[in-house]
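Structure, as structure tokens:
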């Protein structure tokens, strides 16, 4: 092939073409190996408890409990020992931990 001309293949056909009509590209790089995204940590299981004895809230930050209610435990860490923070009927508050029984997960 003469200087200034290159030989190439397009759509299965071989031919020559002027080299100044094209730009040389780097050869394609192989795709990096597929790496799956890291798994998300499992969602923490919500702890539930069943109310064994009714409790009437005394302070604004407490929950009123009825026997048989199911409370979602928000935290077992409360300012006073023997109290947990939970959610019941969309309200979050403190309740006595000895009035409830933990439900199996």
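No other residue among 90, 4 is exposed (fewer than 10 other Cβ atoms within 10 Å of the Cβ) and in contact with a strand residue (DSSP E or B) (Cβ under 7 Å, 6 or more places away or on another chain) apart from 4. Count of the range 63-86 residues, restricted to those that are in contact with a strand residue (DSSP E or B) (Cβ under 7 Å, 6 or more places away or on another chain) and either surrounded by fewer than 16 Cβ atoms within 10 Å (Cβ to Cβ) or not in a strand (DSSP E or B) (or both), is 12.
Conditions (1) in contact (Cβ under 8 Å) with a residue 60 or more places away in the chain; (2) part of a loop (DSSP other than H, G, I, E, B); (3) within 33 Å of the chain's Cα centre (by Cα), marked per residue:
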| position | (1), (2), (3) |
| --- | --- |
| 16 | no, no, no |
| 20 | no, no, no |
| 28 | no, yes, no |
| 36 | no, yes, yes |
| 42 | no, yes, yes |
| 59 | no, yes, no |
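Every number in this text was worked out from the coordinates using simple rules, so none of it is lab data. A quick note: this is a predicted structure, and the numbers were derived from the prediction, not measured. All Cβ positions, glycine included, derive from the backbone under ideal geometry; neighbour counts span all protein chains shown.
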